[in-house]
Structures are given as C-alpha cells and as structure tokens.
Amino acid sequence: MFETIMYETRAGVAWITLNRPEKLNAFTSVMHKEMLSALKMAGKDEEVRAVVITGAGRAFCSGQDLGGSENPDYGEVLRQGYNPMVQALVSIEKPVIAAVNGVAAGAGMSLALACDFRVASDKASFIEAFIHVGLVPDSGNLYFLPRLVGHAKAMELAVLGEKVTAEQAKEFGLVTKVVSDATFVQEVETFAVRLANMPTKAIGLIKRYMNKSWESDLTEVLEYEALAQKTAGGTVDHKEGVTAFMEKRKPVFTGK
Amino acid sequence: MSKFTTITAKVEEDGIALIELNRPKVLNAINRSMVSELLSAFEQFDRDGRVKAIVLTGNNRAFAAGADIDEMMNDDAITLELLNQFKDWDQLHTIKKPIIGAVSGYCFGGGFELALCCDILFASEKAQFGFPEIKLGVMPGAGGTVKLTKLMGQKKALEWLWLGEPMSAKEAHQHGVINRVVAPELVLEEAVKFARTIASKAPLSLRLIKETVYKAVDDSVLDGMQFERKNFYLLFSSEDQKEGMKAFAEKRRANFKGK
C-alpha cells in the first residue's frame, strides 16, 4: 500500500512505521504524502483507538532527506509536506504515541514532539540538529518544544543542538517513559493497547481542548470544558464507567 | 407544511422551527428547487404565529458544499437573465423572523451564501467556509462578494474571494463572519438553545431590530438613526411595550404576546 512507510492495525492500535531504514527514515516528499494518508486513515477507522508512530531499523527518524533535491524552497517544503502532516497528527482525536526506537533528529524530533506521548528506548536520543546546518527548528518544533520542556530548556536544546539521551529526556519531562531496547516493542504495545481500551471519545476531547488551551484564556477554557463535558456525558463509555462503578466491576470501554 | 424533497422543515416546541438541507448524497448542493423550497418554508414559518425563530442547518459533513454545478453548467447569460435565477434567493431577505444558522462541515460557494442569509451563525470548530467560484472561472452570484465585503472589509474580502481558499471556523470568527464557534457535536444544540433564548424576547422588538440593523449596514448614520427612531416610536403602539414597561416597574417578568 505504501512505499516509504508501513501501516498495520492490531488490537485497536494503528502502527505507522517509517520504513527507509537505510536512510535512517529520513523524510522525502513521498513519505510526507504517505504519512498524511496513513494519519487520515487512522483517524477515520473506528476500530483504531490509538496510534503508534515508530521507525524501522536503528533510527526513529533523522529528519529531512538532504540528498536529492537541489536548491529547494524550504518554506514550500514545510507548507506542502511537513505542516499538513503535523496538523493531521494533532487533529486525530485519539492518543498518538511516538515510539522512539532510536535517534530522533531535526524534523524527526519535531514529529515526536507533535505526538501526545513519547515512549523511548534506552538506545534512543533526541537532537535539535537544525542549528548544525544553520537552520531553525521547524514542523511545529518551536511550538511544541517550549510547551513541553519550558522556554529556557527549549532555547538550550534548540540553540546548542546537543544530543539528549532518552534518560536525560525523561528527566526534563520530554518522554513519558524509557524502556529497555530488548523489550521495547512489547512495552510500546502494552502501553498502546492500554490507551486503546480507554474511553476514546474522552481522550479525544481532552486532546482537542488541551491543545486549544494554549491559545485561550480562562473564560474560554471554562466554556470549552463545559461543552466537552456535555459531549462526554452523552457517550456510551461514560454510562459504562458509571454503571461499572455502581456494580463494583471494571468498566469495559468501547470508544463510543 | 408542504411536502419538500430537498429539505425537511418542521415546527419544534418552544416556538422554534427547524429547516434541514436534505440532499446528503451531493453534500447538500443547492439547486433551484432547493432554494424555492427553502423560500416556501421560510415564508410559511414567517407567517406561522407559533414560530418565534427559525434554525437552518445541514448535516455533519456539509452545511452545503456549493451550488449544483451540473444544473447551470450549460446555461448562457441570457438563459440566466430570463430565468431570473436569483429571484428566490433575493426573497430570502424579506423574512422578518430571526434566522439562526448551524453550520457543520463544508460551507462553500452557494452554501456559504445561504449561510450568510442567516442573521446569526453558529459553526463547528471543524466547519470550513469559502468561495471557490474563482476556481471554476466564475464568481459568487447570490450576494457572496457583497456580504463578505460588508462583514470583513474590502481588503480581506478580496483576498479570500481571489484565492478561493477554505477559511476555518476560527478565521471566519476572527473576521466577524460568524458569531460562535462550538464543538462539532453540539453545533445544532447550541444554535437551538440560542434560538430558544431569542424566542423568549419581545417578537416585535426582534423584528424591528432586525430590520433596523440591516438598514444600518447600508445607510448613513443619520439616515439609519431616522429609520431607527420611526421603529422605536412604532413599538410604542404595541401591547408588548406597555406590558414590558409595566412589568419593569412592577419588578416582574414581562409576558410578551407579539402584539
């Protein structure tokens, strides 16, 4: 189905694997297009209740493939390739996990930042590589990074461009958890399946309005919460949650 | 209510009438019979004493994705002139009762023009507005250029009309084109809730305020104020004015009758 990525679904989870291992999964324009359609597919598929993005081989993603195109208009590469992908990722109302298996550099790091969770292998690392070639972080990097780690740390990472190990990233809150490389896939799977069995609509609403909170004042957020709660209150999962609580059993959420 | 094929129309409780565009297979593309049915429904509700406010909506995917292109594709200028294509559209502006639009999904071209016929617009966070006519080598013909310009100003309107790109609900809101942006799941509900609030107000005031506001858009301040004054005076011949002011003095809720 795809040339540069793999897409498969199992146990309510869509797995999107960047699949150019020989190029450390660097982005090309084809990969942008394929990522966009994979993300849309995962967003639409009602069976899918969580999404994992990971890399084949030893890298997560090394960012833009700098070989190939000569003298490109970087602005247009972003507008046409990366930006729609980031927008699609953020607008999926399901949890998206970056399973960072190896190095996440440049736009590869941006991709991980745009996800809702980052689970890293102990072999993984993060590099704000842009500065080393005289460029600025892009693909939402300047938006997400300061929001995730704070302004001061974000400046430090973006300007110095030093490699950050998974453990260091964990310390300043960039990753949710670090797991051993030996059990990485199983651990990611367990985490993703756990999310896929949660009340998906509520997670989607949390994601939608937590994202909106960055551009809103308290009055607006209070109103968003009221609207979101009204919506969540009408879901099957809410009823199930309350019923299970009354019946003193574990709820079985269906994402409806 | 007459039998309609391209829309559904019904009177709900609490004085609200609901009109839904109903050509889901073509994303509610607006054809001539739809406009004529819309006008007929609006006119019936305008005369129906039970109805205090009218809500107009589409479905989740589209309010209306545009005009029915197939229908006019082979028309020439004289055919359109003789057909008086936009006569029913123009008549939509004669409706006196408040019209609240609830927009989800696509709202393009003729769909956007229809939305702009509403007095108040609620839109889903995911709604998209736009005038893509330029991409078909034409331009809006049912008031789109005029109304967009009056709402957002000449510079911005030209940009949107020339590029023909979709405008997010957030942008439409920032430009003053729509009133509220709400969660997709709740657009219709919130619009109906607003309509209910409106429906509890003095009907004659609603009516004359609507008339005066639209007049103000086109008139000089002084002319607008003269017009306003006549309507202000006119309300003093209503029972509701006496009831409203008496209730105020007696510190109780007014019971308006629309007379």
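The values are calculated or read from the model by the stated rules, or taken from the named source; none is laboratory data. This one's a predicted model, so the numbers in the text were calculated from it and none came from an experiment. For neighbour counting, all protein chains shown are included, and Cβ atoms are generated from backbone atoms with ideal geometry for every residue, glycine included.
For region B:92-145, a residue qualifies if it is within 12 Å of the chain's Cα centre (by Cα) and part of a helix (DSSP H, G or I), and the qualifying residues are B:L92, B:H93, B:T94, B:G111, B:F112, B:E113, B:L114, B:A115. Look at (1) at pLDDT 95 or above; (2) surrounded by fewer than 18 Cβ atoms within 10 Å (Cβ to Cβ); (3) not charged (D, E, K, R) and you find that A:A196 fails only one, number (2). Note on region B:1-19: residues that are surrounded by fewer than 18 Cβ atoms within 10 Å (Cβ to Cβ) and touching a residue at least 24 places away in the same chain (Cβ under 8 Å) amount to 6. When residues in region A:186-209 are screened for being among the hydroxyl-bearing types (S, T, Y) and in contact (Cβ under 8 Å) with a residue 24 or more places away in the chain, 1 of them pass.
Scanning region B:203-227 for residues that are of a type in the set (A, V, I, L, M, F, W, C) and over 22 Å from B:F122 (Cα atoms), which turns out nearest to the other protein chains (Cβ to nearest Cβ)? Ranking the qualifying residues of region B:203-227, first place goes to B:A216.
Residue check: A:V175 meets all listed conditions (1) at pLDDT below 95; (2) not in a helix (DSSP H, G or I) but one, namely (1). Output the residue which, of all residues in region A:208-234 that are of a type in the set (S, T, Y) and touching a Phe, Trp or Tyr at 6+ places or on another chain (Cβ under 9 Å), is farthest from A:P95 (Cα to Cα). This residue is A:S216. Against the test of being under 20 Å from B:K193 (Cβ atoms), at pLDDT 95 or above and assigned to a helix (DSSP H, G or I), the options B:F45, B:F63 yield a single qualifying residue, B:F45. For region A:159-188, a residue qualifies if it is surrounded by 15 or more Cβ atoms within 10 Å (Cβ to Cβ) and hydrophobic (A, V, I, L, M, F, W, C), and the qualifying residues are A:V164, A:A166, A:A169, A:F172, A:L174, A:V175, A:V178, A:V179, A:F184, A:V185, A:V188. Can we say A:R249 is more than 14 Å from chain B (Cβ to nearest Cβ), assigned to a helix (DSSP H, G or I) and surrounded by fewer than 15 Cβ atoms within 10 Å (Cβ to Cβ)? Here the answer is no, as A:R249 does not meet what is asked.
Answer yes or no: is there a residue in region A:225-246 that is small (G, A, S), in a helix (DSSP H, G or I), within 16 Å of A:V119 (Cβ to Cβ) and away from chain B (no Cβ under 14 Å). Within region A:225-246 (the criterion being small (G, A, S), in a helix (DSSP H, G or I), within 16 Å of A:V119 (Cβ to Cβ) and away from chain B (no Cβ under 14 Å)), the answer is no, since none of the residues qualifies.
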